[in-house]
Structures are given as structure tokens and as C-alpha cells.
1. Taking only pairs six or more apart or across chains, which ones have beta-carbon atoms under 8 Å, a first residue in the stretch 513-537 that is over 17 Å from V632 (Cβ atoms) and in a helix (DSSP H, G or I), and a second residue that is open to solvent by 20 Å² or more (accessible area, probe 1.4 Å) and of a type in the set (K, R)?
2. Working only within the stretch 204-256, note down all residues that are under 28 Å from L152 (Cβ atoms), polar (S, T, N, Q) and at pLDDT below 90.
3. Take I572 and decide whether it is farther than 21 Å from W409 by Cβ and open to solvent by 30 Å² or more (accessible area, probe 1.4 Å).
4. Can you pull out every residue in the stretch 434-452 that is under 22 Å from Y493 (Cα atoms), touching a helix residue (DSSP H, G or I) at 6+ places or on another chain (Cβ under 8 Å) and of a type outside the set (S, T, N, Q)?
5. Of S121, S128, S132, which residue is within 30 Å of L25 (Cβ to Cβ), without any contact (Cβ under 8 Å) to a residue 40 or more places away in the chain and under 60 Å from the mean Cα position of the chain (by Cα)?
6. Out of the stretch 427-454, which residues are over 26 Å from L305 (Cβ atoms) and open to solvent by less than 50 Å² (accessible area, probe 1.4 Å)?
7. With respect to the numbered conditions (1) among the β-branched types (V, I, T); (2) farther than 30 Å from L149 by Cα; (3) out of contact with any Asp or Glu (no Cβ under 9 Å at 6 or more places or on another chain), which one is the sole condition not fulfilled by I49?
8. Between residues in the stretch 316-345 that are within 12 Å of E360 (Cα to Cα) and residues that are outside any helix (DSSP H, G or I) and of a type in the set (G, A, S), which pairs lie under 8 Å by C-beta distance while being six or more apart or on different chains?
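The values are calculated or read from the model by the stated rules, or taken from the named source; none is laboratory data. Note that the structure is predicted; figures quoted are calculated from it, not measured. Heads up, the Cβs are rebuilt from the backbone with ideal geometry, glycines too, and the neighbour counts pull from every protein chain shown. Please note that ligands, DNA and RNA were not included when accessible areas were found on the heavy atoms of the full protein model with its side chains. Shrake-Rupley method; radii C 1.70, N 1.55, O 1.52, S 1.80 Å.
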Amino acid sequence: MIAARNRLSKALSFSVLLLLLTTVLAGTSENINAQLLKLGLNIWDNYFILRGEAPSPSCDPQLNADDRLNELEARFKAENKGFSLVEDEFDRENTHISLIKQLKVCQKKHENAEIFAKEYSTSVALFSGLESAFAKISLFSINHQKTILILLLMLCANYATWKTEHIAFRSIHSKFDHILSYSAQFIAGSALSLSSLAFFIGSIESGTKLSAPQLLIILSIGSAIMASISLYRLINIPSSLNDNKKIFQSLLTVPIHTWMLLAASYHFLINEQHIPGIAVYFTQIFHLTNLHLSIALYIWVGMLLKETLLPAKLFAVFTPWKLPPELLACVAIILMAVPTAYTGASGIIIIAMGAVAYQELRRIGTRRQLALAVTAMTGSSGVVLRPCLLVVGIAILNKEVLSDELFFWGSRVFMLTLVVFCFFVLLTKQSPLKLPSFSESFRPSLNQAKALIPYAAILFVFMALFGFFLNSYLDEFSAPILLPIIMIAIVLYEHRVRQGNNTESNISNNKLSTTFDTTVRHSAVQIGALLMLMACSFTVGGIIERSGGSLSFPEGFDSTILAMLVIVGFLIFIGMIMDPFGALILVSGIVAPVAYQQGIEPIHFWMTCLVAFELGYLTPPVSLNHLLTKQVVGSEEVELALQEGHNFYYRHERIFLPLLVMSTTLIIVAFGPLIV
């Protein structure tokens, strides 16, 4: 039984790794193909002719246009002789022009055939074969992107279900928790499977041609397997669980995505009796396929980073300064803003790097509550910086704004958030602020920074290679593809260094394979948990949309400030219950037009929207970012943090500090421009 589970686990790990590598390969293939085309044109002037099949024109390049014109005129008269209804005469002039054009095309075809016969060689054949192979890979990935996403989602979601790692308010402690949680998951999974099957069958019966029917088939089978896993878990109750029966606490063990599916099931299956409704909105995740695949890659990058010494060495640079916990928290916010800008959402960076940030903050001496607060909002300030995927998504879905404008003002919102954070964290410090001595700290800090040189060199070399050979640079479009390659190189470098430092040479390739297997398994759990939550949030958007969920204002309402107040409240609520990318689609269609009608500038609205989302992710009762922090840090650390602190604020600093920072920032961003 154990051997079978290990084989199944390895098969899953290999499948997820294959899908992730396929996504990376697909992204690089497009760049490689473009560069090979340029190289081919530089080597052979007629490469576009040589790269295809040998031309074999059947037309006559020596055709006499005048003779052919007379022939066509005679045929026209013969065919229409005796038909009085035909009043049009043969258009000799236009026919002549058409014949001349056809003759030129024919001569060009024969010219190309001569060029091909003269210049085609073995080297051209080998080069064009290589170039076309990358072109086929790129085309295949574009045509099957959605299939890759649904396979990745279903594999990882099922693995997260098996490992009991879906995002919930509370972990399972009692038998009643176990029964209630897995019963709900079984019902939700079954409903999703039924809805997907009904959507597929209904489309066939109605004669509607689905562009990708395999998506619904995979979704139906995958969610049925998820329901089966839940049923298996439901039947096999662990004996280690206690017998406590507290209904409210047990309800908190039901994963958030399950609550969303249950709400959608009630609305679509019972209220509307529209069985395909759940699947219709669940599959809206494919509207942003690239973004969700990028999220999966970023999570993998975070897990690879977690296996390296880079985070520890980075924080070690600040150790000689002996910074107070409050100042160190400010430094951590700055450091984590950059990777957040690349990942595109604060929740992603918490899953990818939250555990690393928390461990390093605790290792240097930061109190648990402050470390949890910083971890929960590590990415809250970075979502407005270049090259954030969320900002790119706003620019794609809304023609009123440009990404450059959003990033310009986003950098200013980031500076404002940082200042507000530093203000509150220093205001609530527990000990006198002692600034470090520059003369005593600079040289040791510089020595620690030398350990980062190999990592910087790897980054520089790969960026130079990508830029020179692939004309691809580390931006919002290429980062999801390039960062996994760079992180794999760093993992290989560290393995090599450790192997070289081990005098007994007992570090083998098995250790390296174990490292990659571990990162893929951890990535699979987090990818499944987060993408399932994101996909199910679209069903919540569907409930709001079909329930008439749009903003309306009283007649004669002309106060922009009051309009902004209502909009901000709605945005915070959306941020509490939906993932950023799902919320983005909903807000673009429902809230943004209303804001523009009320006289709110598009750039102002979207800056407000981003900050309001982040506040929503930090606001109870949902507090998604805190749930993600708990998931990566461990519920034990959260329980220990609750026992610390000498008053109410410090016992709950992890909740209050992010709320103070983001609410203050939101008030300034939303109402400052209107008042000024």
C-alpha cells in the first residue's frame, strides 16, 4: 500500500513537473523561433523561400497575355450566344489587368522554384528543421494552453485534497471537523462534476460547437476524482482526532473554495435550476490562461527559492547592523516588494516566499506577531510596481488606462504605503529605537554581501544570454518563463558548491533529484489550493452578476466623494471574497463604468482599487492573506503568537498593523486627490 502511494506520488510529481516545464519550454520556444528566423535571414537572403517545401508551380510563365485575352473573349461570347438576358459585354480592360497580375505571380513562383533548386542545401535543411521544430512547439503550446492549465489545476487540486492542504480558516482537529469538512468537499466536488457534465452534454444537444470540449471532460473527471478522494477521507477517519463537537469551529475547517462552490450550487442548482451554471463561471478562469499559468510558475520559483541559501544570505547582509525588529520589518517590506511585483499578487508571494520571510525575521529576533504581520502584507505594497501581472491585466481589460501610466502612479503609491508602514511600525515599537553604528556595521555587512556575488553573476549571465540570443528581458511578460530557469541554475550551483565542500563526497545526484521532487510536490499543493480558490471565486462573481449585482446611485446623486466612499466599500468587500484576477474581471465590467460616470479619473480609480483589494485581503472575517500566512508558516506559530504580547493590541498585532497601514493608505489614495 505504501509502495503504491509512493509510486502514485512520484507519478503526480512527474506530471506536474512535465506541465510546468512544458509551459516554460513553450514560452522560450516562441523567442527561440523568432531569433532563429532572424539568424536564418542573416545567413541566407532567401531563407523564407528555403524554409518551406520545394515550390512546384504548374502555371506557364511565358504566357502571352494578349492571346489569352482573345481566347477568353471568344469563350465568353460562345457561352453567352443566344441568351438575350445577358446584357453585360466582356470587360476586356479589367480582364487584361487581372491576367497581367496572374502572370507576375506565376513568374514569381517560378523564380522562387529556381532559387530553391539553386540554394537549398543540407545545412539549410538542418537549420530549417530546427527552426520549424521550435515553431511547432510554440504553436502547439498556444493551441493547448487551456488544456495544460486545466490538467495542472485538476492534478494539483486533487493532490491538495489528498494532503488536506486546501485553504481554510482552521485546520481539522476533531472527528466532527473531519466529517463536516469532507462531507462539504464531497458535495461541492460532485456538484462541480455534475455541472461540467451537464454543460458538455447540453452544448452537444443544442448543436453548439465547443472550441475545446476536452476542457469540460477533464474538469468533470477531475472534480469527480476530487469528490471521490473526499469520500474516501470521509470514510477513513483518523483515530488521532479528538471527540470535541463544536459546530462553529467545525464550519471553519471547510475550505474556502468549498464554501464558494456550495454557494454556487445553491444558487445555480436550486434557485435558478441552471445546472451548467457553476461550470460556466468556473471556466472563466480560461479568460486569463496566461496569467494563471504564470501564477503556477511563480509558486514553483518560490519553492525553488525556499530550497536555496539565497534568502538567508540576503537577510544576513542586514544582521551586522543589529537593526531593531521594527526597522528590520521596514527592510523586509522593501525587499519583498520586488518579487511581488513580478508575481502579480500578494497572495502568490506569501505562498511562494512567505515561509522564507517569516523564518528569516524570526531568526534575526523579530517577535512573532510582528513577523506574522509583515509576512501577511509582504506583497501588499508591491502589487502596484512594474511589472505586476495584475496591473497588466487592468490595462488589457480597460482601454481607458495604459500600463505605463498605472506603473508611474503605482510607484508613488508604493512609496506612500512604505512611509505609512514605517510610521505605524515605529509608533508601536516596544523598545527604544537604537540606530546602529555605521562604522561598526558597514564592513561586516559588506563581507556578508560578498556571498551574494555568485548569485548576482548567475542572474547577470542568464539575463545577458536571454537578451543576446533570445531578445528577451526580465519584464512582466518574460519573467514567469525566465525565473524558473534562473532558479534551477541557482539550485544546481548550490548543489555543486555543497558537493565540492563535502570531503566525503557523499552528496549524490539523488540528493539533487530529491530537492526537485520536494519543490514540485510543495508547489503542487500550493498551486492546487490557490488556483482552485481563484477558479471558484469566478462562481461567486457569477452569483453577484446574475443576482443583479451592480452599483446604482440615487437620482440627482452628484457627490464624487460619497460615490468614492460607496465604491471603496464595495471594492473592499470584493477583495475579501474573491481572488485579485477574478475580482479584476468583475470590477472591470460592473464597478469601473460607474466610477467613470461619477467623474472619477480611471487612473485614480484603479490605484484605489488595487489598494482596496489589498485591504480586503487583510480584513477579517476572511483575511485571505492571513490564511495563506498560516498555511505556509504553520498553525503552531500562530497559536504561539497569540500567547505573546502584554496588551490587546500586541496580542493581535498581526491583524491590527496591516489594517492600520492599508486603511490609512487607502484613505489617502482614494480621497486625497478628490479633496485637493
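1. Sorted first by the residue in the stretch 513-537, then by its partner, the pairs are D517/K10.
2. First, pick out the residues of the stretch 204-256 that are under 28 Å from L152 (Cβ atoms): 204, 208-234, 236, 253-256.
When the remaining residues are screened for being polar (S, T, N, Q), the result is 208, 211, 214, 220, 223, 228, 230, 236, 253.
Once the filter is applied, which keeps residues that are under 28 Å from L152 (Cβ atoms), polar (S, T, N, Q) and at pLDDT below 90, the stretch 204-256 yields T208, S211.
3. On the way: farther than 21 Å from W409 by Cβ: no; open to solvent by 30 Å² or more (accessible area, probe 1.4 Å): yes.
Taking the combined requirement at face value, the residue does not satisfy it.
4. Selection gives A451, L452.
5. Values: S128 fails: without any contact (Cβ under 8 Å) to a residue 40 or more places away in the chain; S132 fails: without any contact (Cβ under 8 Å) to a residue 40 or more places away in the chain.
It is S121.
6. Of the residues in the stretch 427-454, the ones over 26 Å from L305 (Cβ atoms) are 427-443.
Hits for the stretch 427-454 are T428, P436, S437, S441.
7. (3) is the only condition that I49 fails.
8. P325/G365
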